[in-house]
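So that we are looking at the same thing, I have put the structure below in structure tokens.
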Amino acid sequence: SQSGQIKTAKEMDQLERRELSSDISTGVNALSQTTATDLIVVLFLVLLAGAVIVKEHENGLFYLIRPNYQSGAVLAGAKLLVMLASAFGVALVFYGSNMLFIFWSYCFGDWMRPIQSVQGFLGSSFQITVLQYVLLFLFGKIAACCLIGIFLLAVGALFKNNTLLILTAVVSVLLYQYIDPYSIFKYLNLNAFLQPQTVVEKYLNLNLFE
């Protein structure tokens, strides 16, 4: 649309004045490729959701530990906190250790250079440095794990079935691979939440109202 073209032109014009520098890109690119880690993390989240809520239903324990309405609300809140804390811990351990390993192996170069200096990020419209990108990447992964954990917990509470939890995760991954990259549904997919680098590395202007 015309408004989208005007917006794109303004954002690209701001980037023309940025000074880029040549430096090693291997570390940042390696950090952004986390497909294997993402799959392991999602598996852990599915297992956690199953352990937190589905297992009690399958073993007939849920109604023993929730004798009344008030205790049910307290129990739900406790399970939500457990899931959030677990998702936060899983994300921090996996992605944090992954980041440290890559930094030790490849380094990230000049932390204060623009992200557009990194190979593959030239089309980014974000005016951030490599350091800011690395921090945003880690924060995005942790936030995504917490959101996915909450969603899986809700699915488990609603359907009380471990198989459905696994199918939800599998279908989400498959749909993300085949949905048109210009469709908003690709970015509302669970798997898309674990790809914060795709938001930064390429310019994307989605207009939902035109």
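The values are calculated or read from the model by the stated rules, or taken from the named source; none is laboratory data. Since this is a predicted model, take the numbers as computed values, not measurements. Note that each Cβ is placed from the backbone with ideal geometry, even for glycine, and that neighbours are counted across all protein chains shown. When the accessible area is computed, the model is the full protein with side chains, heavy atoms only, and any ligands, DNA or RNA have been set aside. Shrake-Rupley method; radii C 1.70, N 1.55, O 1.52, S 1.80 Å.
Checking the conditions here, which among Gly89, Gly96, Gly120, Gly140 is more than 24 Å from Thr26 (Cα to Cα) and either in a loop (DSSP other than H, G, I, E, B) or not aliphatic (A, V, I, L, M) (or both)?
Of the residues listed, the single one that is more than 24 Å from Thr26 (Cα to Cα) and either in a loop (DSSP other than H, G, I, E, B) or not aliphatic (A, V, I, L, M) (or both) is Gly89.
If a residue has to be open to solvent by 50 Å² or more (accessible area, probe 1.4 Å) and either assigned to a loop (DSSP other than H, G, I, E, B) or touching a residue at least 24 places away in the same chain (Cβ under 8 Å) (or both) to count, how many in region 23-43 make the cut?
7
Can I ask one more? I'm trying to understand the selection: among the residues of region 135-162, which are crowded, with 21+ Cβ neighbours inside 10 Å and aliphatic (A, V, I, L, M)?
Answer for region 135-162, where residues must be crowded, with 21+ Cβ neighbours inside 10 Å and aliphatic (A, V, I, L, M): Ala144, Ile148, Leu152, Leu153.
Going through region 175-189 one residue at a time, which ones are at pLDDT 70 or above, of a type outside the set (A, V, I, L, M) and surrounded by 15 or more Cβ atoms within 10 Å (Cβ to Cβ)?
Tyr176, Asn189 - these are the residues of region 175-189 that are at pLDDT 70 or above, of a type outside the set (A, V, I, L, M) and surrounded by 15 or more Cβ atoms within 10 Å (Cβ to Cβ).
From the list Ser172, Ser124, Ser117, exactly one residue is open to solvent by less than 40 Å² (accessible area, probe 1.4 Å), in contact with a Gly (Cβ under 9 Å, 6 or more places away or on another chain) and not hydrophobic (A, V, I, L, M, F, W, C). Which is it?
Being open to solvent by less than 40 Å² (accessible area, probe 1.4 Å), in contact with a Gly (Cβ under 9 Å, 6 or more places away or on another chain) and not hydrophobic (A, V, I, L, M, F, W, C) holds for just one of Ser172, Ser124, Ser117, which is Ser117.
Quick check, is Thr129 modelled with pLDDT under 90, open to solvent by 10 Å² or more (accessible area, probe 1.4 Å) and of a type in the set (Val, Ile, Thr)?
The answer is no for Thr129.
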